[in-house]
Amino acid sequence: MPQTVAVLGTGKIGEALLSGMIRAGWSADGLMCTARRPERAEALRARYGVEVVSNVEAAKAADTLILAVKPQDMTTLLDELAPHLPADRLVISAAAGIPTTLFEDRLPAGTPVVRVMPNTPVLVDEGMSVISGGSHATEEHLRRTEAIFKPVGKTLRLPESQQDAATALSGSGPAYFYFLVEAMTDAGILLGLPRDKAHDLIVQAAIGAAVMLRDSGEHPVKLREAVTSPAGTTINAIRELEKHGVRHALIAALEAARDRSRELASGNG
C-alpha cells in the first residue's frame, strides 16, 4: 500500500475513491486531496479527516497522484504539476479519452502513468474500472492502482489500445441501461401502470437479471431462452425487437461511442 495518496480534483468520482480507500483501511493520515472551492475543501476535511492541500503541495508530498479533473482541465493541471513532480511518483489518470503518452510528454521523463476508465457506479461501489499501464508503469504500479479502485467495484486490465472500446462499452454503458429503463417505463405507463410501479418493476427486473448474469455462469442466450416459452409473451416481444433492428442499433451506437473516444484521444474535441 502506498504511503501517501493524493486525489486531485475531488468531485464525485474523486470523492468516491477517497471514501473507498478509507473504508478499505487506508489511514486518513496517508491521504490528501485538492479542491477548488474553500467550502468544498472544508466539507472534505470534516467528512474524511484528510488533509486538503494545493496541487503543488500534493505533487511534492504524495507517492501516488490520482488526477480526477475534467479532461479539458488536464493539460493545465499537468503544466502546474510538472516542475514539482519527482519522476518516481505514480500518476493515475481517471480522465476519459486522454492517452498515457500525453502525460508522459508533459511530466518528467520516466514518470509511471496508469490510465483508468471508471464508470459512474463507482459511486455505489459497483463500478468497473478498466486499467492500462503506460510505457513506464510496472506490475507494482498496476497492483497499486487496482488496490485503489477495487473498494469501489471491479477492475479489469486491458491494453491501452482497447481503452476506446472499453469506454464505449463500460464507461458509457450505464447510460444505455438508463435509456432502456426510461423507454420501458414509458411502455409500462402506456400499458396502464402508474409510473412509480412501472419503475419499481423494471429496476428489480434489471437487478435480478444482472445478478443472474454475474452469478449463474450461464451464457445470456441460455438465460434468455429460459424465459422464452413457445408462442408466449416473451418471444413476441423479442420478435418486435428484432424487427425494429434493436441489436443492430446497439452495435452501431457502441461503434459511434468508440469512434468519438478516439476523436477525443487524438485531440479533436
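A few points about this structure:
- Residue check, Arg195 in contact (Cβ under 8 Å) with a residue 24 or more places away in the chain and open to solvent by 80 Å² or more (accessible area, probe 1.4 Å): no
- For the stretch 233-269, the tally of residues that are small (Gly, Ala, Ser) and modelled with pLDDT of 95 or more stands at 6.
- Among strands (runs of 3 or more DSSP E) entirely within the stretch 86-179, having at least 1 residues that are buried (at least 24 other Cβ atoms within 10 Å of the Cβ), within 13 Å of the chain's Cα centre (by Cα) and not aromatic (Phe, Trp, Tyr) singles out 90-93, 113-117, 127-133.
- Identity of the residue in the stretch 38-59, outside any helix (DSSP H, G or I) and open to solvent by less than 40 Å² (accessible area, probe 1.4 Å), that ends up nearest to Ser27 (Cα to Cα): Val50
- Whenever a residue of the stretch 99-116 is touching a residue at least 40 places away in the same chain (Cβ under 8 Å) and within 13 Å of Leu65 (Cα to Cα), its partners that are in a helix (DSSP H, G or I) and open to solvent by less than 10 Å² (accessible area, probe 1.4 Å), lying with C-beta atoms within less than 7 angstrom and at least six residues away or across chains, give the pairs Arg115/Thr100; Arg115/Gln163.
- Counted residues, the stretch 11-27 - those being part of a loop (DSSP other than H, G, I, E, B) and either open to solvent by less than 30 Å² (accessible area, probe 1.4 Å) or touching a residue at least 60 places away in the same chain (Cβ under 8 Å) (or both): 2
- Exactly one residue among Leu156, Leu107 is modelled with pLDDT of 95 or more and more than 24 Å from Arg23 (Cα to Cα), and that residue is Leu107.
- Qualifying position, being among the basic types (Lys, Arg), part of a helix (DSSP H, G or I) and within 30 Å of Ala95 (Cβ to Cβ), among Arg239, Arg258: Arg258
- Note on the stretch 201-216: residues that are within 21 Å of Gly173 (Cα to Cα) and surrounded by fewer than 14 Cβ atoms within 10 Å (Cβ to Cβ) total 10.
The values are calculated or read from the model by the stated rules, or taken from the named source; none is laboratory data. Computed from a predicted model, the values in this text were never measured in an experiment. Here Cβ is always computed from backbone atoms with ideal geometry, including for glycine, and neighbour counts include all displayed protein chains. Please note that ligands, DNA and RNA were not included when accessible areas were found on the heavy atoms of the full protein model with its side chains. Shrake-Rupley method; radii C 1.70, N 1.55, O 1.52, S 1.80 Å.
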